[in-house]
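Notes to accompany the following structure.
Readers should treat all values here as calculations from the given coordinates under stated rules, not as data from a laboratory. Please read these numbers as outputs of a predicted model, since none were measured by experiment. For neighbour counting, all protein chains shown are included, and Cβ atoms are generated from backbone atoms with ideal geometry for every residue, glycine included.
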Amino acid sequence: MAKILLHKDALYNNLTILSKKTESIDKLAPVLKDNAYGHGLEKMARLLKEFGIKKVVVRKESEAREVCELFEEVIVLGEVSSTPLPKCTYTINHIDDIKKCKKGMSIELKVDSGMHRNGIEPKYLKQAIELLKRAKIELKGVFTHNRGGDDLSSSFFWQRRGFEEIKTTVLGICKKLDIPEPRFHSLSSSGIFRTKKITDDLVRPGIALYGYLEWDDVFGDVGLKPVLELKARKTSTLMLKKGSKVGYSGVGVLKEDSKISSYDIGYGDGLFRASEHFCACIEDGREIIGRVSMDYFSLLGEDEEITVFRDAKRFAKQFKTISYDQLVKLSSSIPKEIV
Ligand SMILES: *Cc1c(COP(=O)(O)O)cnc(C)c1O
């Protein structure tokens, strides 16, 4: 069976690097959304707990339900709830979300500081915070998300400045309304590594936890290590003549007499589909022959087991996309083993 190995030493290496950046492990709120970026929510949550992580971030309430017993707090980015789970903090992405909240619950207010995806516009902050007070909902945090942490442009820095202004505005409003000051946070992986001294109350690393920063020319090597290794097992080996055509539509033509083997993973498991349009190599440099099928692909050689990739960024680049994209697409049904 194809399987995913989760390298615990790599994960703990990445968490150590991140906690050095924040100068405190308690400021880390790792992001476990989308099945922990394909790594498996439950296993990753347990490893984080063992490391001493107390807060995590997810997208849905259903994800929060699976892991909330392990942590002091779970921040839900994508939903509010009329029947909130204990220990969960839900996100207001739009002012109308406040109507869906239950009295007494805790929320994070997301503010749009320039990404223009979701979040409340700064001019509605006063209105939103007044509504929260009136509805007796706790304003636990105010946060934003950066559109340009990975770009070499200045947009990351003007967004940072914008968020500082938002902080000042919120603190003014809270003082006037006599409600406790919320916490503030704004940095995902790229922003964490672009900030010299982190002054936010917490950070939300996703991809860095799993071992990547997407743009090397921006960051250089900061020492992160990939956590996930994708393995596949051989299902059969054939000895074929030069000119034989392998796989669907025969687009994989053998240049010489060759021994080829098929392996038990395909696009049905979320592996990107190498084809005549996208040539792709596995981790050791061998090219995938012809098209990837739903459940199999072929390679030269006869190894019993192979590493499809350890470096998801390199693998994804062959398909003109990013590490996140290949990682989250890996089927949740692929068995996972912690090593
Ligand atoms: C996904 C997400 C993150 C994590 O982003 P990475 O680039 O993976 O570090 C942080 N904050 C929010 C709001 C997100 O949606």
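Please tell me if Glu73 is within 20 Å of the chain's Cα centre (by Cα), acidic (Asp, Glu) and away from the ligand (no atom under 13 Å from the Cβ). When the stated conditions are applied, Glu73 passes them. Scanning the range 131-149 for residues that are more than 21 Å from Val57 (Cα to Cα) and touching a helix residue (DSSP H, G or I) at 6+ places or on another chain (Cβ under 7 Å) turns up Leu131, Leu132, Lys133, Ala135. Exactly one residue out of Leu230, Leu224 is aliphatic (A, V, I, L, M) and either more than 16 Å from the ligand (Cβ to nearest atom) or surrounded by fewer than 18 Cβ atoms within 10 Å (Cβ to Cβ) (or both), and it is Leu230.
Before we move on, is Ser275 surrounded by fewer than 20 Cβ atoms within 10 Å (Cβ to Cβ) and farther than 30 Å from Ala208 by Cβ?
Numbers: surrounded by fewer than 20 Cβ atoms within 10 Å (Cβ to Cβ): yes; farther than 30 Å from Ala208 by Cβ: yes.
Considered against the rule, which asks whether it is surrounded by fewer than 20 Cβ atoms within 10 Å (Cβ to Cβ) and farther than 30 Å from Ala208 by Cβ, Ser275 comes out as yes.
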